[in-house]
Amino acid sequence: MKKPAKDARRAAPAVTQAAIGVLGGRVAHEISNPNQVIQLGADFFSRAWSAAENALDRTAKEDADLRVAGIPWSQARVEVPAALANIRAACTRIDAIVRGLVSLARRDCDGMRASLDLDLVVRAALSRTAGLVEASTRHVTIDLASNLPCVRGLSGALEEAVVNLLANACQALRSREDALSVTTSFDAGTREVVLRVMDGGRGMNPAELRQIKDPFFTTRRECGGLGLGVPVADAIIAAHGGSLAFTSRAGHGTTAIVRLPADTSPVEDV
């Protein structure tokens with residue numbers, strides 16, 4: 001009775017990689033070209049701004065009320081370069097998402113057989129998002145279980161999935177007083193390693209929760225959110241034979257629950 005389940009588990013990566021390929025192709029086609037236009041535009045305006053700064057400084061000495069884009073020059077001198085830097089950073093992140101999807105779709109399934117410590121993957125993701133986490137909340141709880149069974153997969157791909165979940169959680173926080181919690185554990189009953197990313201943010205209503213894995217769905221459209229973080233994470237986790245689920249209630253935060261099959265036996269010869 002156990003053999004069909006085992007075979008189905010092994011077949012899952014091939015099936016989900018096909019789905020990832022479709023999603024990656026769609027993202028690459030729909031986003032890469034306009035994203036490149038935005039990036040080139042941001043670079044051009046950065047150069048133009050640098051060239052204009054000295055002239056505007058001279059003008060400001062003669063006109064103390066000089067305003068740029070409706071704000072005082074002293075404020076604009078700081079905020080405009082920061083805004084351009086944010087645009088370039090967002091473009092870079094979009095490129096990374098597209099490359100991650102396409103790269104994962106093209107990898108051979110045998111690459112998914114490397115033995116990994118999920119805690120190390122989570123620590124690497126936390127290191128990458130340390131600045132965002134610090135800017136988003138004063139209340140962070142990290143509780144990573146020791147001696148977890150390993151999982152099989154690609155460390156870089158899983159790290160990208162965790163980064164996306166952490167970024168999604170931080171973006172849901174309403175203020176720095178909302179809490180963020182990251183925990184790992186082992187579910188002996190299902191033989192799965194479990195990661196939970198919990199935020200005390202705005203939460204979601206049932207309709208939003210049903211759409212959370214849909215590409216390009218976002219509750220942050222007015223802030224420039226693309227809605228790709230969760231679908232990317234879901235596709236990567238599915239390619240590792242795992243699952244991604246969410247629990248949430250409007251006004252009471254959201255919990256992302258990642259389950260990955262534990263590697264409890266040696267790799268078989270292929």
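Each of LEU56 and GLU30 was given a label point 7 Å from its Cα along the Cα-to-Cβ line. The distance between the two points is 3.5 nm. For region 141-219, applying the loop criterion from DSSP together with a ceiling of 15 other beta carbons within 10 Å to the GluC sites (Glu not before Pro) yields GLU177.
The residues packed around LEU144, meaning those with a beta-carbon under 12 Å from its beta-carbon, carry a net charge of -1 if Lys and Arg are +1 and Asp and Glu are -1. Here is the result for region 30-91: no chymotrypsin sites (Phe, Trp or Tyr not before Pro) lie in DSSP coil with at most 10 other C-beta atoms within 10 angstrom of their C-beta. Kindly identify region 110-263 as rounded, prolate or oblate by the Cα gyration tensor criterion: order the square roots of the eigenvalues as a ≥ b ≥ c, call it rounded if a/c is under 1.5, otherwise compare a/b with b/c, prolate if a/b is larger, else oblate. It is prolate, given that a/c is not under 1.5 and a/b is the larger ratio. Approximating the spin labels as points 7 Å out from Cα along Cα→Cβ, the ASP63-to-ALA250 distance works out to 4.8 nm.
Read-outs throughout are calculated quantities, based only on the coordinates presented, and are distinct from any laboratory measurement. Quick caveat: nothing in here was measured; it's all calculated off a predicted structure. Note: ideal-geometry Cβ built from the backbone for every residue, glycine included; neighbour counts use all protein chains shown.
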